[in-house]
1. Given a Förster radius of 35 Å and the C-beta distance between residue 139 and residue 83 as r, what FRET efficiency does 1/(1 + (r/R0)^6) yield to the nearest 0.05?
2. Under a cut-off of 18 Å between alpha-carbon atoms, report the lysines in cross-link reach of residue 95, not counting same-chain residues fewer than 8 places apart.
3. Estimate the FRET efficiency between residue 29 and residue 125 by the formula 1/(1 + (r/R0)^6), using the beta-carbon distance for r and 35 Å for R0, to the nearest 0.05.
4. Search the structure for amide H atoms under 5 Å from the amide H of residue 131, placed 1.01 Å from N in the peptide plane, and list their residues when 5 or more places away or on another chain.
5. If each of residue 56 and residue 6 carries a label point 7 Å out from its Cα toward its Cβ, how far apart are those two points in nm?
6. Please sort 132-139, 45-52 by packing, taking for each peptide the average over its residues of neighbouring beta carbons within 10 angstrom, highest first.
Amino acid sequence: MLSRKWPVILALALTLALFASVASAQTNSITVQLAAQNNSGQNGTATLTAMGDQTQVVINLPAGPAGAGVEQPVHIHTGACPTPGGVVFPLANLKEGKSTTMVNAKLTDIADGKHAINAHKSAAEASVYTSCGNVQSIAMPAALPTTGFDMASLSLVALVGLLLALGGLALRRVRA
Ligand SMILES: [Cu+2]
């Protein structure tokens, strides 16, 4: 009776393992939508990719309103658009709307719902904002523990529970 159930148990275990690997891999990279400010026309994206303890930030915008030859300061700020707070991480100046920077912070520390990415018209006119986007939070749902007890562990617990239940069922049938 139990031998017939082993393929089912194996299939369940494989499904759970697959689910766990997908769940743990889903937040390696996020895309932040950047919206133009002050009629700059600079609508685009910032792509943030986790690189261990660092995060790569790639910004892709059209050239700024001061002209393609004018570099634009761009930063990760605290707060939210359209008027973010202080600068937390300066990024490489935009050149024709493009910038790539390795930031010394984990993606989870930047994508916590408390940061925004903001571009400025030029060094001389830094007070004019040209593009802004709020970095979305990638925090795990509060119901799920985030440290020391990942999805793989949860799957294992579920599998052990299933085996115990099936074992109990088989035992009862043998005794009946
Ligand atoms: Cu800024």
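Read the figures in this text as sums done on the coordinates, not as results from a lab. All of these numbers come straight from a predicted model, not from anything done at the bench. Every residue, glycine as well, gets a Cβ built from its backbone with ideal geometry; the counts of neighbours run over all protein chains shown.
1. 0.90
2. 121
3. Values: r = 32 Å, r/R0 = 0.92.
The calculated FRET efficiency here is 0.65.
4. Excluding prolines and chain starts, which carry no amide H, the hits are 37, 119.
5. If labels sit at residue 56 and residue 6, their model points lie 4.6 nm apart.
6. Result, highest mean first: 132-139, 45-52.
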